[in-house]
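The values are calculated or read from the model by the stated rules, or taken from the named source; none is laboratory data. Owing to the predicted nature of the structure, the values given are computational and were not obtained by experimental measurement. Positions of Cβ are generated from backbone atoms using ideal geometry, with glycine treated the same way; all protein chains shown enter the neighbour counts.
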Amino acid sequence: MNGGLITPTAVGRVFAYLGLAVLGSVVGVGGALVQGGWFPGGLLLALLGVGGLCYGGTVAMLSRTGGLVPLAGWLIAVLFLAANRPEGDFLFGAGLGSYAFLLGGMIVAVMCATVPKLPQPDLA
């Protein structure tokens, strides 16, 4: 019997969520580079990447939080890359593709995190 609040399973879930957040930021950086390089195909690839990660996180963690945590990592990375630097450098241009990536990524990730029907626990 374990008297503490933190069990080994809870610690494993925390590390899994941290890994999903890191993967979300990696997908965000990769998508930011790909969407501008190969415009129509790269944008689709970047949106599929964030959608697949969020849906996979939801299914793997058996909770909607598993899909929202990669979204948070993705959003932090993308917003950091979208900010103008003091030198005047920026990664995103002011075009339709950049806006579609920013807004479309958020929409796709929220849809993938909230749409799946998760198994309900037995109450009996």
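Here are the numbers:
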{"item": "Failed condition for SER63, given (1) in a helix (DSSP H, G or I); (2) small (Gly, Ala, Ser); (3) surrounded by fewer than 21 Cβ atoms within 10 Å (Cβ to Cβ)", "result": "(1)"}
{"item": "Test: residue in the range 77-89 that is loosely packed, with under 15 Cβ neighbours inside 10 Å, touching a residue at least 24 places away in the same chain (Cβ under 8 Å), outside any helix (DSSP H, G or I) and over 12 Å from the mean Cα position of the chain (by Cα)", "result": "no"}
{"item": "Test for VAL27: is it buried (at least 18 other Cβ atoms within 10 Å of the Cβ) and at pLDDT 90 or above", "result": "yes"}
{"item": "Selection status of GLY36, within 23 Å of VAL115 (Cβ to Cβ) and not β-branched (Val, Ile, Thr)", "result": "no"}
